[in-house]
1. Return the residues of the stretch 306-346 that are touching a Leu at 6+ places or on another chain (Cβ under 7 Å), at pLDDT 95 or above and not in a loop (DSSP other than H, G, I, E, B); say none if nothing qualifies.
2. Got a sec? Which of Leu80, Leu44, Leu52, Leu68 is in a strand (DSSP E or B) and either surrounded by 13 or more Cβ atoms within 10 Å (Cβ to Cβ) or at pLDDT 95 or above (or both)?
3. Looking only at residues that are under 23 Å from Asp301 (Cα atoms) and open to solvent by 40 Å² or more (accessible area, probe 1.4 Å) in the stretch 128-143, which one is nearest to the chain's Cα centre (by Cα)?
4. Where residues in the stretch 328-349 are small (Gly, Ala, Ser) and open to solvent by 20 Å² or more (accessible area, probe 1.4 Å), which of them is nearest to Arg82 (Cα to Cα)?
5. What are the residues in the stretch 219-247 that are of a type outside the set (Lys, Arg) and free of Cβ contacts under 8 Å to residues at least 40 places away in the same chain, if any?
6. Restricting to the stretch 251-284, count the residues that are open to solvent by 10 Å² or more (accessible area, probe 1.4 Å), more than 14 Å from His225 (Cβ to Cβ) and of a type in the set (Gly, Ala, Ser).
7. Out of (1) over 30 Å from Gln42 (Cα atoms); (2) open to solvent by 20 Å² or more (accessible area, probe 1.4 Å), the odd one out for Pro238 is which?
Amino acid sequence: MYKVFSATLGIAIFIINCICQVEAAPSSWLLEQRSPYNSQVQELKSLHYTPLATASKAWKVCALVPHLKDAYWIGINYGLMRHAKQLNIHLDLYEANSYYGVSRQLEQLEQCLQADYDAILLGAVAPDILSFYPKKITKPIIALVNQLSSERVNTRVGVNWYQMGSMVGEFIKRNAKQQVQVALLTGPKKVGGSNWVEQGLRAAINDSHVQIKAIRHADNNRNLHRKQLQLQLKDFVPEYIIGSAVAIEASVSLLKQKGLTEKIKLVSTYLSPATLRGLYRGKVIYANDDQVVLQGKLAVDVIVRELEGAKPFGDIGPKIIPLDNNAPAQSALTNSLAPAEFYPKYKVTAN
């Protein structure tokens with residue numbers, strides 16, 4: 001939408017063009033309901049979900065996330081804040097700074113349970129984090145993105161990371177006409193979705209031409225992944241590198257520097273602005289799009305519904321969209337990536 005404003009000062013005329021992107025509220029979101037709950041292999045059922053237009057009151061929600069260091073969690077953050085504002089509720093967000101921040105997240109959980117919040121969205125740094133909390137949990141908790149193993153938690157908003165790995169494996173298997181070796185650059189070991197991604201990948205490429213030759217773990221930091229890739233290339237040069245978006249972002253520049261761009265194919269387990277640019281330019285050949293902005297919006301919608309009496313939603317989240325070099329324009333991916341001008345926000349206050 002274009003709006004043109006004119007102001008005259010003497011004989012000078014200043015014309016300011018303001019381009020404002022307006023996102024129309026959807027009548028429904030296309031989601032997947034998955035069962036059994038919290039399982040790797042699940043039955044997927046498509047669901048048209050109508051989001052709330054407003055909440056019955058100004059609920060207070062506390063959101064805990066591992067970090068806001070990459071486009072994935074920034075997209076979640078954007079979705080959370082946007083829909084909280086739409087529903088006119090309070091939302092405060094706290095980050096543990098990394099997947100190694102178990103103690104910090106437990107302290108934040110304690111603060112949220114003791115303060116006057118109505119419910120908690122928990123992006124857990126570890127699946128068993130609630131087993132380390134010694135006191136009684138007195139407020140509703142919904143798992144946000146990451147797995148959360150607890151009898152108290154019956155709703156998780158996110159996608160199946162085993163399926164994310166499986167989709168990557170199926171893509172490479174279809175394109176591998178002869179024996180190929182793969183290096184996997186992934187996040188911290190056994191936290192987030194890394195472990196399930198690896199298992200889904202292995203299941204998909206079983207009895208195929210694809211062999212995982214090496215796996216290297218690092219926290220979601222471009223420099224750390226770049227260092228791991230440098231070490232990897234000293235050992236051997238794979239035909240494919242599979243990695244988190246942060247790892248693939250680091251790989252694009254390093255492969256160009258070493259003259260290996262044409263020799264190694266890059267595959268991202270999830271989407272970021274940089275991996276999307278890589279898809280457009282042919283530097284990245286595939287990425288999963290699990291619509292992180294929609295995940296954030298849905299988490300707010302679901303927790304408000306449960307506060308207002310709805311039953312637990314089980315495993316629910318957006319469909320995973322496979323993207324290759326024919327990816328749609330970024331303007332069509334409003335539920336996938338936060339706008340370029342968006343900076344992380346930590347609070348929404350109801351009017």
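1. Of everything in the stretch 306-346, those that are touching a Leu at 6+ places or on another chain (Cβ under 7 Å), at pLDDT 95 or above and not in a loop (DSSP other than H, G, I, E, B) turn out to be Ile316, Gly317, Pro318, Leu323.
2. Leu44
3. In this case the residue turns out to be Pro140.
4. Just the residues of the stretch 328-349 that are small (Gly, Ala, Ser), to begin with: 329, 331-332, 336, 338, 340.
From what's left, open to solvent by 20 Å² or more (accessible area, probe 1.4 Å): 329, 331-332, 340.
On the way: Ala329: 22, Ser331: 17, Ala332: 18, Ala340: 15 Å.
Within the stretch 328-349, the match that is nearest to Arg82 (Cα to Cα) is Ala340.
5. Going through the stretch 219-247, the residues of a type outside the set (Lys, Arg) turn out to be 219-221, 223-225, 228-233, 235-247.
Across the stretch 219-247, the qualifying residues are Asn223, Leu224, Gln230, Leu231, Leu233, Asp235, Val237.
6. 2
7. Answer for Pro238: the failing condition is (2).
One line per residue, one yes/no per condition, for (1) open to solvent by 20 Å² or more (accessible area, probe 1.4 Å); (2) over 23 Å from the mean Cα position of the chain (by Cα); (3) under 25 Å from Ala71 (Cα atoms); (4) among the aliphatic types (A, V, I, L, M):
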{"site": "Asn206", "(1), (2), (3), (4)": "yes, yes, no, no"}
{"site": "His209", "(1), (2), (3), (4)": "yes, yes, no, no"}
{"site": "Lys213", "(1), (2), (3), (4)": "yes, yes, no, no"}
{"site": "His225", "(1), (2), (3), (4)": "no, no, yes, no"}
{"site": "Val246", "(1), (2), (3), (4)": "no, no, yes, yes"}
{"site": "Glu249", "(1), (2), (3), (4)": "yes, no, yes, no"}
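The values are calculated or read from the model by the stated rules, or taken from the named source; none is laboratory data. These numbers come from a predicted model, not from an experiment. Note: ideal-geometry Cβ built from the backbone for every residue, glycine included; neighbour counts use all protein chains shown. Remember, those area values only see protein heavy atoms, side chains included, never the ligands or the DNA or RNA. Shrake-Rupley method; radii C 1.70, N 1.55, O 1.52, S 1.80 Å.
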